[in-house]
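Participant: Once you've had a glance at the structure underneath, I'll fire off some questions.
The values are calculated or read from the model by the stated rules, or taken from the named source; none is laboratory data. All values reported here derive from a predicted model rather than from experimental measurement. Glycine also receives a Cβ, built like all others from the backbone with ideal geometry; neighbour counts cover every protein chain displayed.
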Amino acid sequence: MSISQIILELFEGLLVSVQIFAITLLFSLPLGLVVALGRMSKNSTVSGITKVYISIMRGTPLMLQLFVVYYGPYYLFNIKLNPTYRNMAVYIGFIINYAAYFAEIYRSGIQSMPVGQYEAADILGYSKVQTFFSIIMPQVIKRILPSVTNEVITLVKDTSLAFSISVMEMFTKAKALSSSQTSMTPLIVAGVFYYVFNFIVAYMMEKAEKKLDYYK
Amino acid sequence: MNLLEMKNVKKSFGDLQVLRDISLEVGDGEIVSIIGPSGSGKSTLLRCATLLENMDAGMLKYEDEIVAKDDPNGKAVYADKKTIKRIKSVYGLVFQQFNLFPHWNVLRNVTDAVINVQKKSKSEAEKIGKELLDKMGLLDKAEYYPYQLSGGQQQRVAIARALALNPKVLFFDEPTSALDPELTGEVLKVIKSLKDLHIAMVIVTHEMAFARDISDKVIFMADGVIVEQGSAEEVFNSENERMRLFLGRYKDIL
């Protein structure tokens, strides 16, 4: 198998990896905000439940969580799901895991905001919703962007864990090609792809940070 | 009719009783200074008047609208949300730490609430905003961000932001305490210039000469009670021992 064929094969896998990456971000970023608000809720039931949820998500391996999401419906409830559920399981597993991490990042950002910002908004007559979305959140985003960048870069690499439930993303393909060709090359090519992927992600996040540099 | 009336206000934080029994009135266009040692409850009184803090007991009234009054058990009960929302448009507050919104430029800091709270048009809000910035001597800074301004300039923006909503009474919570003497001077000058707007002002301050010059009424607070109140002349010449003790070191420069 020529190197160009390997690249082509892995590129197909890369598209799946990118898909997992994009869908996870698309849903876990807003879901994380909801979880963060739940965690900070004055209602002790709500904050208690979200606290336990975050604790489990952060305290157990993502690979194990993927297994539970994928095999759980069958083992626990005897529900037979068709094979296309495999992709769905990856999305669900990644989204609920990353939402927990993002929730903690949001929370740290929101709690770092000086109380004076809330008080000024209150005096000026802004509603709670207006205050949160037009005064607090824009500043929180600037504060948390470096932590979010870290998380997003980790996510790029974590997509390879979809391998554990045999989703045909890049790492699964690289592993299969490496075995069948008895060669390191596919793994090295995959490594280069991950690196380039993250290089682009880091570059874009840096751009975003620069864009928010217009105030202090 | 009084613009603001507070009666028998009490407020504690835990075991610490900060306001023991405070009553005060502010008339239309009246300028009231509140002076007194640190920890005497001045800021807390202002925060109760502006609803940043809820008082434990007492009555609070703006114009003819009761915001809070005691229930039969002597505990303050506040009006419904709608009333409170309406009341909030009556007053403004200038903070010690300015509390500008750092992600908005100066003009937006001044105009955003006019647009999004008062629902005026953008062009109208910008007209109001620019006029006020001009009055504050900051029209050329309209596009600047707060971090690019000195503390004195930031405080003047904060004053413009409060005035843009056209309040009937403007509270100042130690507006110059975070500033050096030079910047203090420029802010005090601006506050003095507001006299011809004929809005009421309630100013918590440690600037004694300023309080004496600007005020229709001076209130001296200590240990959670009003010790002395009256015209500047009456209060500063009071024979009250606590007052004299407090003024001691100021006396020479007054």
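Participant: Checking B:T83 against (1) over 19 Å from B:V202 (Cα atoms); (2) modelled with pLDDT of 95 or more, only one condition comes out false. Which one?
Facilitator: Condition (2) is where B:T83 drops out.
Participant: Collect the residues in segment A:172-216 that are at negative phi and among the polar types (S, T, N, Q), keeping them in residue-number order.
Facilitator: Step one: filter segment A:172-216 for residues at negative phi, giving A:172-181, A:183-216.
Across segment A:172-216, the qualifying residues are A:T172, A:S178, A:S179, A:S180, A:Q181, A:S183, A:T185, A:N198.
Participant: I'm checking my understanding of the structure. Among residues of segment B:42-58 that are more than 13 Å from chain A (Cβ to nearest Cβ) and not in a helix (DSSP H, G or I), which one is surrounded by the most Cβ atoms within 10 Å (Cβ to Cβ)? Explain how you work it out, then say what you get.
Facilitator: Here is the first cut: in segment B:42-58, the ones more than 13 Å from chain A (Cβ to nearest Cβ) are B:42, B:44-45, B:48, B:55-58.
Now narrow it down to the ones that are not in a helix (DSSP H, G or I): B:55-58.
Values: B:M55: 27, B:D56: 18, B:A57: 21, B:G58: 22.
If we take residues in segment B:42-58 being more than 13 Å from chain A (Cβ to nearest Cβ) and not in a helix (DSSP H, G or I), then B:M55 is surrounded by the most Cβ atoms within 10 Å (Cβ to Cβ).
Participant: May I ask you to list the residues in segment B:45-88 that are among the polar types (S, T, N, Q) and over 15 Å from A:I123 (Cα atoms)?
Facilitator: First pass over segment B:45-88, keeping only residues among the polar types (S, T, N, Q): B:50, B:54, B:73, B:83.
Passing the criteria: only B:N73.
Participant: For segment B:230-248, does any single residue satisfy the condition of being closer than 26 Å to B:P167 by Cα and out of contact with any helix residue (DSSP H, G or I) (no Cβ under 6 Å at 6 or more places or on another chain)?
Facilitator: yes
Participant: Would you check which residues across segment A:123-134 are at the interface with chain B (Cβ under 7 Å from one of its Cβ atoms) and either under 20 Å from B:Q96 (Cβ atoms) or surrounded by fewer than 16 Cβ atoms within 10 Å (Cβ to Cβ) (or both) and list them? Before the answer, list the steps.
Facilitator: Let us first name the residues in segment A:123-134 that are at the interface with chain B (Cβ under 7 Å from one of its Cβ atoms), namely A:123-126, A:130.
Once the filter is applied, which keeps residues that are at the interface with chain B (Cβ under 7 Å from one of its Cβ atoms) and either under 20 Å from B:Q96 (Cβ atoms) or surrounded by fewer than 16 Cβ atoms within 10 Å (Cβ to Cβ) (or both), segment A:123-134 yields A:I123, A:L124.
Participant: In segment B:88-101, which residue that is within 15 Å of the chain's Cα centre (by Cα) and of a type in the set (A, V, I, L, M, F, W, C) is nearest to B:M6 (Cα to Cα)? Outline the logic, then answer.
Facilitator: Within segment B:88-101, the first condition is being within 15 Å of the chain's Cα centre (by Cα), and the residues that meet it are B:88-99.
Checking which are of a type in the set (A, V, I, L, M, F, W, C) leaves us with B:90, B:93-95, B:98.
Values: B:V90: 15, B:L93: 17, B:V94: 20, B:F95: 21, B:F98: 26 Å.
Ranking the candidates gives B:V90 first.
Participant: Something else: Determine the pairs where a residue that is touching a residue at least 60 places away in the same chain (Cβ under 8 Å), located within segment B:32-47, has a partner that is in a helix (DSSP H, G or I) and not hydroxyl-bearing (S, T, Y) with Cβ atoms under 6 Å apart, the partner being 6 or more residues away or on another chain.
Facilitator: The qualifying pairs are B:S33/B:A211; B:I34/B:K42; B:I35/B:A211; B:G36/B:K42; B:P37/B:F246.
Participant: Can you tell me which residues in segment A:157-184 are part of a helix (DSSP H, G or I), surrounded by fewer than 16 Cβ atoms within 10 Å (Cβ to Cβ) and touching a residue at least 60 places away in the same chain (Cβ under 8 Å)?
Facilitator: If the condition is that a residue be part of a helix (DSSP H, G or I), surrounded by fewer than 16 Cβ atoms within 10 Å (Cβ to Cβ) and touching a residue at least 60 places away in the same chain (Cβ under 8 Å), then A:Q181 is the only one that fits.
Participant: Can I ask one more? Any chance segment B:29-41 includes a residue that's part of a strand (DSSP E or B) and more than 18 Å from the chain's Cα centre (by Cα)?
Facilitator: Pass one, segment B:29-41, residues part of a strand (DSSP E or B): B:31-35.
Checking the rest, the ones that are also more than 18 Å from the chain's Cα centre (by Cα) come to none.
Within segment B:29-41, none of the residues are part of a strand (DSSP E or B) and more than 18 Å from the chain's Cα centre (by Cα).
Participant: On the given criteria, is A:G109 within 13 Å of chain B (Cβ to nearest Cβ) and closer than 30 Å to B:N105 by Cβ? Before the answer, list the steps.
Facilitator: Values: within 13 Å of chain B (Cβ to nearest Cβ): no; closer than 30 Å to B:N105 by Cβ: yes.
No.
Participant: Is segment B:80-102 home to any residue that is farther than 29 Å from B:G27 by Cα, out of contact with any strand residue (DSSP E or B) (no Cβ under 9 Å at 6 or more places or on another chain), within 14 Å of another protein chain (Cβ to nearest Cβ) and in contact (Cβ under 8 Å) with a residue 40 or more places away in the chain?
Facilitator: Taking segment B:80-102 first, the residues farther than 29 Å from B:G27 by Cα are B:101-102.
Subsequent filtering for residues that are out of contact with any strand residue (DSSP E or B) (no Cβ under 9 Å at 6 or more places or on another chain) retains B:101-102.
Keeping just the survivors that are within 14 Å of another protein chain (Cβ to nearest Cβ) gives B:101-102.
Now narrow it down to the ones that are in contact (Cβ under 8 Å) with a residue 40 or more places away in the chain: B:101-102.
Within segment B:80-102, one or more residues are farther than 29 Å from B:G27 by Cα, out of contact with any strand residue (DSSP E or B) (no Cβ under 9 Å at 6 or more places or on another chain), within 14 Å of another protein chain (Cβ to nearest Cβ) and in contact (Cβ under 8 Å) with a residue 40 or more places away in the chain.
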